[in-house]
Amino acid sequence: MSATDPKQPPDLAAFAEHAARICGAAHVDFSPAGIAAASRTTAPWRSLIAGIVRPSSADEVASLITAAAATATPLYPVSTGKNWGYGDRLPAGDNQVVLDLGRMNRIIEVDETLAYAVVEPGVTQGQLFEHLQARQLALWLDCTGAGPDAGIIGNILERGFGHTPLGDRFRAVSGIEAVLGDGSVLRTGFSGAESSAVGATYPYGLGPVLDGLFSQSNLGVVTRMGVWLMPQPEAFAAAIVFIDDKAVIGPVVDRLRPLRLDGTLPSVVHIANDLRLLSGRMGFPQQRAGGERCLTAELRAALNRELGISPWAMSAGLYGSRRQIRASAARLKTALKGLPVRIRVLGGDTLRQAERAARLLNRFKIGRGLYRQIEDASAAIGLLQGKPTRHFLKGAYWRHPTMPTGADPALDGCGLLWLAPVSPHRGQDIDRLLALVEPLYARHGFDALLTLSLLNGRAIALVSTIAFNAEDQVEARAAADCYETIVKAAMAAGYPPYRLASGAMASAIDPKEPYWQAVARLKAALDPAGVIAPGRYAP
Ligand SMILES: Cc1cc2nc3c(=O)[nH]c(=O)nc-3n(C[C@H](O)[C@H](O)[C@H](O)COP(=O)(O)OP(=O)(O)OC[C@H]3O[C@@H](n4cnc5c(N)ncnc54)[C@H](O)[C@@H]3O)c2cc1C
């Protein structure tokens with residue numbers, strides 16, 4: 001990987017002294033052990049972390065940035081640091097100090113009437129979920145599959161996707177507070193106007209909309225954000241569609257498009273392949289694979305049969321009044337009529353009854369497969385209602401020797417890369433993209449764990465996992481090569497990734513492009529000393 005060097009060598013010792021005065025010595029760590037812990041990664045690349053500082057307020061962040069500029073020390077901000085599969089806490093270049101914002105974890109405000117929260121960067125999905133539960137607020141948050149310990153602000157800044165109608169998470173932001181490279185504080189929209197009550201309800205303010213400057217960028221350190229929540233609907237149901245024939249994926253995608261566009265299916269719809277679902281149930285079956293690194297077609301089919309997994313399965317949320325849900329379910333069934341798929345619509349009561357029955361059977365050691373199926377379904381359905389779960393973290397352990405339950409894939413040494421090319425929401429494009437990507441996985445010796453995320457009715461991300469054995473250097477190199485090959489091939493075919501791993505930014509960004517030249521001019525204006533995350537989404 002290439003590093004973007006600051007203009008002069010950093011004076012780390014001087015910065016560490018400043019940082020200790022600003023945050024307290026207990027929150028500054030330049031020890032080899034501290035650095036080693038922060039460097040634990042799921043990525044096949046490495047960058048050298050110089051140290052870690054943990055401020056507790058926006059004022060401390062501003063002072064640290066001023067000290068960083070004075071000592072030419074690059075800072076790499078992370079909010080909760082669970083960017084698993086995208087480089088974790090590793091900066092895009094060497095010798096950067098991780099600015100860990102985890103101590104800034106206040107939920108500043110939740111407004112039930114107007115359905116929003118204002119949070120600091122260290123707030124996790126689990127924390128906000130528990131907060132809403134504890135106060136018995138009739139609000140749902142949008143959450144990702146990354147579990148309760150993953151964050152809100154860090155994910156939104158990466159323009160990550162969740163599972164509810166607010167799943168295009170960056171569009172549910174209103175009001176960002178960020179510290180710029182000169183130590184000044186910028187509040188976007190109306191969030192800076194003391195007298196204004198609309199900072200977290202009306203996202204634009206007057207003049208240019210600057211919020212986008214802080215997403216997938218290195219132009220500021222975000223210290224606060226207004227995030228919209230969803231009023232708990234009167235009724236909810238999950239539509240699960242089992243698709244046995246891959247040839248039907250294109251037609252399914254086409255027939256769902258009008259339903260996504262007109263709001264019948266208001267949430268991000270996910271269609272996962274069997275390998276993705278298998279990886280949630282088990283690790284790669286070394287013994288049965290007979291020395292192969294990928295599942296053979298026969299073994300894959302046998303595992304699917306044993307575990308009751310379909311080649312593809314879709315989950316979508318239906319929200320509204322009971323009547324609206326009945327109407328949406330009917331429209332979905334009509335839309336998919338004639339295709340060889342099985343549709344199940346599960347209301348909250350149906351699922352609860354199924355869970356109870358399955359638990360009972362499981363206790364008597366009957367129907368264990370059914371229990372696991374219902375467990376899978378209830379985790380997926382929980383996400384559609386904004387309930388964070390660790391269930392899907394198991395997928396990161398596909399090539400890992402063990403499969404712990406309280407999972408942290410980076411600490412546990414999993415090898416994981418996500419890549420997600422974006423396609424128009426058209427069946428022919430999805431067929432083309434799958435035909436491009438799947439053989440590249442096979443050529444590099446990896447199982448293609450895939451999910452189609454139907455983002456907004458107009459675009460679909462093919463969210464693809466490369467799971468590798470991080471202890472095997474050959475396999476790790478193959479994973480890096482597989483990632484770069486797929487990103488390049490997909491870009492050349494017109495399907496660019498919506499997000500990049502930190503170690504792959506330099507190779508995917510062309511500094512000669514006018515777009516990136518404009519970004520460089522913005523960088524020079526907002527962070528003249530170039531101390532915020534050099535190389536992150538930047539030439
Ligand atoms: C099983 C599994 C499922 C997953 N499911 C999803 C999913 O459904 N959707 C999804 O999007 N991702 C998913 N992920 C990927 C990833 O784990 C999440 O995106 C996670 O939320 C990112 O980590 P974080 O929230 O701790 O953000 P952080 O790691 O804190 O931040 C991410 C990056 O944003 C930048 N940044 C963070 N905070 C700031 C700040 N305050 N100011 C400026 N820049 C900042 C930094 O460069 C940082 O590296 C999944 C991962 C796994 C292993």
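The values are calculated or read from the model by the stated rules, or taken from the named source; none is laboratory data. On a predicted model such as this, the values are computed, not experimentally measured, just so you know. Here the Cβ positions follow ideal geometry from the backbone for every residue, glycine too, while neighbour counts run over all protein chains shown. All accessible areas refer to the heavy atoms of the entire protein, side chains included, with ligands and DNA or RNA removed. Shrake-Rupley method; radii C 1.70, N 1.55, O 1.52, S 1.80 Å.
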A correct Karplus calculation of ³J(HN,Hα) over segment 103-109, with 6.51 cos²θ - 1.76 cosθ + 1.60, θ = phi - 60°, whole Hz and x for Gly and Pro, returns 6, 8, 10, 8, 8, 6, 7
With a Förster distance of 35 angstrom and the Cβ-Cβ distance between residue 159 and residue 286, calculated FRET efficiency to the nearest 0.05 equals 0.45
Residue 349 accessible area, assembled protein chains, probe 1.4 Å, Å²
100
Relative contact order of segment 107-231, pairs being alpha-carbon contacts under 8 Å that are 6 or more residues apart, as %:
31
Quick check on segment 235-492: what are the equivalent-ellipsoid semi-axes from the Cα gyration tensor, as sqrt(5λ), descending, whole Å?
29, 24, 16
Rounded to the nearest 0.05, what FRET efficiency do residue 20 and residue 298 have when you use their Cβ-Cβ distance and R0 = 45 Å?
0.15
Cα long-axis angle, helix 514-526 against the chain (0 to 90 degrees, to the nearest 10):
50
Take every Cα pair under 8 Å in segment 235-492 that's 6+ residues apart, average their separations, divide by the length, and report that relative contact order as a whole percent.
28
Expected sort for 67-80, 458-471, 251-264 on mean C-beta neighbours within 10 Å, highest first, is 67-80, 458-471, 251-264
Of 82/512; 394/488; 387/488; 246/387; 82/394, which ones are farther than 25 Å apart at the Cα?
82/512; 394/488; 387/488; 246/387
With N residues in segment 1-143, Rg(alpha-carbon) / (2.2 N^0.38 Å) equals 1.18
Which peptide among 121-132, 505-516 comes first, and what is the full order, when sorted by highest mean count of other Cβ atoms within 10 Å?
121-132, 505-516
Residue 337: which aspartates and glutamates have alpha carbons under 16 Å from its alpha carbon, excluding same-chain residues fewer than 8 sequence positions away?
244, 245, 254
CD proxy, 222 nm, the chain: helix-only mean residue ellipticity via -39,500 (n - 2.57) per DSSP H run with n ≥ 4, per residue, nearest 500, stands at -10500 deg cm²/dmol
Label residue 520 and residue 8 with points 7 Å out from Cα along Cα→Cβ: what is the distance between them in nm?
2.3
Roughly how many Å is it from the Cα centre of segment 390-451 to that of segment 7-76, as a whole number?
32
Among 105-118, 21-34, 218-231, how do they line up by average Cβ neighbours within 10 Å per residue, starting with the highest?
218-231, 105-118, 21-34
Leaving ligands, DNA and RNA out of it, report the carbon-plus-sulfur percent of the accessible area of the chain at a 1.4 Å probe.
53
Considering the dipole of the chain built from charges on the beta carbon (Lys and Arg +1, Asp and Glu -1) around the Cα centre, which of 495, 534, 199 is farthest to its positive end?
495
Per-pair calculated FRET efficiency, R0 = 56 Å: residue 305 and residue 70 via Cβ, rounded to 0.05:
0.30
3J(HN,Hα) from dihedral phi, segment 70-81, Karplus parametrisation 6.51/-1.76/1.60, rounded to Hz, x for glycine, proline
5, 10, 6, 9, x, 10, 10, x, 10, 8, 10, x
Over the chain, what is the relative contact order in whole percent, taking alpha-carbon pairs under 8 Å and six or more residues apart?
20
Counting each pair of different Cα atoms once, what's the Kirkwood radius of the chain in Å, rounded to one decimal?
24.1
Cut-off under 5 Å, modelled amide H: who pairs with residue 236 long-range:
348
Whole-Hz Karplus couplings 3J(HN,Hα) for segment 330-336, θ = phi - 60° and coefficients 6.51, -1.76, 1.60, Gly and Pro as x, run 5, 5, 4, 5, 5, 4, 9
Average accessible surface area per residue within the chain, 1.4 Å rolling probe, Å²
41
Put a dot 7 Å past each Cα toward the Cβ at residue 242 and residue 342; how far apart are the dots in nm?
0.2
